[in-house]
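The values are calculated or read from the model by the stated rules, or taken from the named source; none is laboratory data. These numbers come from a predicted model, not from an experiment. All Cβ positions, even for glycine, are placed from backbone atoms using ideal geometry, and neighbour counts span all protein chains on display.
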Amino acid sequence: MKKIVFILAIVGSLFGLEIPKNHLVTTDWLTKNIDNPKLKIVDTREKKEYDLGHLKNALHIPKSAYFQGKVDGVFKLYSTPEQMTEIFQNNGIKEDDIVLFYSAGIKDEDFGDGASGLWNAWIYGFENSIILNGGYAKWIYENKPVTIELPQIIKSDFEFATYKKGSLSSIVDILDAIYDEEIQISDARVSNPYLGKDTNKELARFGRIPTAKLTPVVRHVKLVNNKYYEIVTPEESKKAFTNNGFGIELNKPLILYCNTGHKARGLWFVAKFLVNMNNVSIYDGGIVEYSRSNFKMETGEPTE
C-alpha cells in the first residue's frame, strides 16, 4: 500500500491531479482534468445507456461487475480479488492511475453505483479513486460534451492481492456487535424492510438485525433543480446519522448492512469520507445471508 501512495504523490505533482480528502469531485474538476492521461473515467450505467452517450474517454464497467462475489459457494457483497484484477487489467487501469466512477445520477439510489466501484477497489488496497458528484445527469444538465466513441484500451498488468479487513465485517462480527454496546449496527434500507414489511424474494425472513439503527442512505442525497442527485453536505449527513441524538454516535465503530450491499456501500462512502468516521465497515453477507441463518431477527418499531 505504501508503494501505491508514494507513486500517487509523484503522479499528482507531474500530472496536476489531486484527490480530495472526501474522494468526491465536481463536474468542474472533471472538465479541467478530463484529458489527463492518468485519469481513468468509469461509467457504471447499463451498456445501452453508455452506448447512447458517455463522457469522453469513459470506460464501461457497469455496477453488476461489483456484485459477483462468492466464497466457498456463499454469496458475498464484494467481487473477489481475481475478478477485480481482471476488470482493471481488461480496462487498462494501472497502479498509478486515478479512477473516477460516475453513475446515472437520476435516482436517489444511483449514487451507490459509483460507491460500489470505489468500495470494491478500496477493500483491496487501491485508494486512488473518486466519485463524480451528480453523475451523468448533472454533466448533461450543464450541457457538457458527451460522445459515443469508445476509448482505446491497452491491457494492463495490474494485480489486486489482498483486502483491507477494516472495511469488511463478517456474520461473527455482527453477532459480537449485537451484544456489545460500543459497536453500532446500521441498516441502510428504508423503513418498510427495516420494520419487516417486505416481499424481497432474496430474503428467507423479513426484518432487521437486532440493535440495528435505521439510517437510510437516501437521506444523504438530494434532488437538485429537479434534474439530478447530489450528495448532501457533511453537516447534513451528520444530522441524518445522529437523528437528533437517537441515531448513530459518530465516535463509535459502525457496521453497515442492507440487502445486497448497494445501499450499504453508498452509506459507507458517506460515513468514511464526509462524516469522517474512523471505524466503519460493511457486513459482507448482508441481510440476505443473515436471514438464512438461525439467528434472531426483529420486526416492528424498536422498543429502545
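Mind checking whether some residue in region 180-188 is of a type in the set (S, T, N, Q) and in a helix (DSSP H, G or I)? So that I can check it myself, show each step before the final result.
From region 180-188, those of a type in the set (S, T, N, Q) are 184, 186; that's our starting set.
If we keep only those that are in a helix (DSSP H, G or I) too, we end up with none.
No - not one qualifying residue is present in region 180-188.
For region 252-267, the criterion of being farther than 14 Å from Arg189 by Cα, surrounded by fewer than 20 Cβ atoms within 10 Å (Cβ to Cβ) and at pLDDT 95 or above is met by at least one residue. Each residue in region 28-85 was checked for being at pLDDT 95 or above and part of a strand (DSSP E or B), and 8 of them qualify. Taking the listed residues Glu149, Glu159, Glu109, Glu127, the one that is closer than 27 Å to Val280 by Cβ, of a type in the set (Asp, Glu) and not assigned by TED's automatic domain parsing to the domain that holds Thr85 is Glu159, with no other qualifying.
Number of residues in region 172-201 that are within 21 Å of the chain's Cα centre (by Cα), under 21 Å from Lys272 (Cα atoms) and touching a residue at least 60 places away in the same chain (Cβ under 8 Å): the value is 8. Within region 272-303, the set of residues being of a type in the set (A, V, I, L, M) and surrounded by 24 or more Cβ atoms within 10 Å (Cβ to Cβ) comprises Val280, Ile282, Ile287.
Inspect all residues belonging to region 213-224 and state whether any of them is part of a loop (DSSP other than H, G, I, E, B) and β-branched (Val, Ile, Thr). Before the answer, list the steps.
Of region 213-224, the ones part of a loop (DSSP other than H, G, I, E, B) are 215-216.
The next check asks that each one be β-branched (Val, Ile, Thr); those that pass are 215.
Scanning region 213-224 turns up at least one residue that is part of a loop (DSSP other than H, G, I, E, B) and β-branched (Val, Ile, Thr).
Out of the residues in region 198-247 that are over 27 Å from Gly134 (Cα atoms), of a type in the set (A, V, I, L, M, F, W, C) and touching a helix residue (DSSP H, G or I) at 6+ places or on another chain (Cβ under 8 Å), which is surrounded by the fewest Cβ atoms within 10 Å (Cβ to Cβ)? The selected residue is Ala204.
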